[in-house]
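Written out below as structure tokens is the structure these notes cover.
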Amino acid sequence: MDNLNLISNFAEFKELKNIDKSTMIGVLEDVFRHALEKQYGTDQNFDVIINPEKGDLEIWRNRTVVEDGAVVDKNAEIAVSDVKKIDPTYEVGDEYSDEIKMHSFGRRAVLSLRQNLASRILDLEKANLYEKYSQKVGEIITGEVYQVWKREVLILDDDENELILPKAEQIPNDFYRKGDSIKAIVKSVEMNNNQPRIILSRTANQFLERLFEQEVPEIYDGLITIKKIARIPGERAKVAVESYDDRIDPVGACVGMKGSRIYTVVKELRNENIDVVNYTTNTQLLIQRSLNPAKISSITIDEESKTATVYLKPDQVSLAIGKGGLNIRLSKMLTGYDIDVYREIEEEDVALTEFSDEIEKWIIDALRAAGCNTAKSVLDLSVEEVAARADLELEQAEKVYEILKAEFE
């Protein structure tokens, strides 16, 4: 077990784990100094010389030349007669250096040294991995599916580090097989039993935000900001965007020409429907936009209780609520208001023939001939227009108007 063998093995290990040279030298020196201290009781008078490029390692012991019989510490001192056998030029007081070979440590010590070195490298690798991914939290990474389990998926990155995508962080429509390429965001990095555990997510709102940054240059450049995201992964999402440049339409920029930009995001999210809305500080307008495609008739807001009462025509209510209540749930999440939806009460119309006891028959016939069959169809016109269409005197038209208006009052 010579020096070269030990270092060449380490050099291979170091290349795989991508440990920088200075760190490698530091770890090697520390491990060997620990072995020297154990073997000789100190490492103070030893020089550990490492050349990682060649895989060389040398250990030199420095001892002071003393008079014969004056040696107190054989590790720190050498008798002048002994050193002159090696080199006659040495005198008392000189410093003599001799190389320590690996075999002088003994087989057990070398094995212990190897184990210590491997353990230190492993700890270093874990620390580097933790540090590397701690800085990547919130970033998108691409990996390869290595193993699929019931509760999680094991993913390998480009350096073959193990990453975990739990079931709860997967989009419901996600389906993976070994070898599949996968995109996800780094959600968190934990240290369990001195082992880094890197958690990925595809359901986090930030994942959607990062996908938009990749597809929309204006967002990446900061010209458009994503103000808020409401999302039910795999189903639907609402994204409120704002532009800092009046010349840029934030919604149009996010959607892209013929939906080209948003299509890539939707495809990555397993066809999750995405609504992009213009952000505004006007709460009423934001709620109105968030309930799109429904058209709101009126809205009442209670700032204290953070509730909004919305009235819509009967045919718009289902649009506001959405399939399975998704639209209104996302609107609540996006705006922060509890939204109550009500049908707008419409007054029933009354046929003109119902007023035959108050309005002469010939007038009713004249109005019907003019296209007015109901009371509301008459009231939708001005008195002058009613008179002109039915060929009535203005006074007659005013009287008809009063009779019909009274019905609804």
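Is the stretch 208-271 rounded, prolate or oblate when judged by the Cα gyration tensor, a ≥ b ≥ c being the square roots of its eigenvalues, rounded requiring a/c under 1.5 and prolate requiring a/b larger than b/c?
It comes out prolate by the Cα gyration axes.
Give Lys178/Lys228; Lys187/Lys306; Lys238/Lys313 a once-over and call out the pairs whose C-alpha atoms are over 27 Å from each other.
As for pairs spanning more than 27 Å Cα to Cα, those are Lys178/Lys228; Lys187/Lys306.
Per the Kirkwood formula on distinct C-alpha pairs, the Rh of the stretch 106-174 is how many angstrom?
Result for the stretch 106-174, one decimal place: 14.7 Å.
Using the Cα gyration tensor of the stretch 80-227, with a ≥ b ≥ c the square roots of its eigenvalues, what is the shape: rounded (a/c below 1.5), prolate (a/b larger than b/c) or oblate (neither)?
Cα axes put the stretch 80-227 in the prolate bin.
If you take the charge dipole of the stretch 89-217 about its Cα centre, with +1 on Lys and Arg Cβ and -1 on Asp and Glu Cβ, which of Ser188, Gln115, Pro217 is farthest toward its positive end?
Going by the charge dipole, the pick is Ser188.
What does the charge dipole of the chain about its Cα centre add up to, to the nearest 20 debye, if the Cβ of each Lys and Arg holds +1 and the Cβ of each Asp and Glu holds -1?
I would put it at about 1980 debye.
Using the Cα centre of the stretch 291-359 as the reference point, and only Cβ charges (+1 on K/R, -1 on D/E), how large is the resulting charge dipole? Debye, rounded to the nearest 20.
So the dipole magnitude of the stretch 291-359 works out to roughly 880 debye.
Sum -39500 (n - 2.57) across every DSSP H segment of at least 4 residues in the chain, then divide by the residue count to get the 222 nm mean residue ellipticity, nearest 500.
Mean residue ellipticity at 222 nm (helix-derived): -12000 deg cm²/dmol.
Sequence gap at least 6, Cα distance under 8 Å: using those rules, report the relative contact order of the chain to the nearest whole percent.
It rounds to 7 percent for the chain.
Count the DSSP beta bridges whose two residues both fall in the chain, then state the antiparallel fraction as a percent rounded to the nearest 5.
75
What are the radius of gyration and Dmax of the stretch 365-409, computed over its Cα atoms and given in Å?
Radius of gyration, then largest Cα-Cα span, for the stretch 365-409: 9.3, 27 Å.
For the chain, give the percent of accessible area contributed by carbon and sulfur heavy atoms, probe 1.4 Å, rounded to a whole number.
Carbon and sulfur: 46 percent of the exposed surface of the chain.
Hey, with R₀ at 41 Å, roughly what FRET efficiency would Trp362 and Leu326 work out to, going by the Cβ-Cβ distance, to 0.05?
Efficiency computed from Cβ-Cβ geometry: 0.15.
Among Ala35, Tyr130, Ile100, whose Cα sits farthest toward the positive end of the charge dipole of the stretch 25-177 (+1 at Cβ of Lys/Arg, -1 at Cβ of Asp/Glu, about the Cα centre)?
Of the options given, the answer is Tyr130.
In cubic angstrom, how much convex hull volume per residue do the alpha carbon atoms of the stretch 265-409 span?
176
Using modelled amide H (1.01 Å from N, peptide plane; none on Pro or chain starts), what sits under 5 Å from the amide H of Thr64, excluding residues fewer than 5 places away?
Hits under the 5 Å cutoff: Glu77, Ile78, Tyr96.
Taking the solvent-accessible surface of protein heavy atoms with a 1.4 Å probe, what is the per residue accessible area of the chain in Å²?
Computed with neighbouring chains in place, this is 58 Å² per residue.
Among Gly371, Val341, Gly324, pick out the residue whose Cα is farthest towards the positive end of the charge dipole of the chain, where Lys and Arg carry +1 and Asp and Glu carry -1 on C-beta, about the Cα centre.
My answer, from the dipole projection, is Gly324.
Using heavy-atom solvent-accessible surface (probe 1.4 Å) with all chains present, what is the largest-first order of His34, His103?
His103, His34
Which of the aspartates and glutamates could a cross-linker bridge to Lys323, judged by Cα under 20 Å and excluding same-chain residues fewer than eight apart?
Those aspartates and glutamates meeting the cut-off are Glu235, Glu272, Asp275, Asp315, Asp338, Asp340.
The values are calculated or read from the model by the stated rules, or taken from the named source; none is laboratory data. Just so it is clear, the structure is predicted and the values come from calculations on it, not from any experiment. For neighbour counting, all protein chains shown are included, and Cβ atoms are generated from backbone atoms with ideal geometry for every residue, glycine included. Keep in mind that these areas ignore ligands, DNA and RNA; they rest on the heavy atoms of the full protein, side chains included. Shrake-Rupley method; radii C 1.70, N 1.55, O 1.52, S 1.80 Å.
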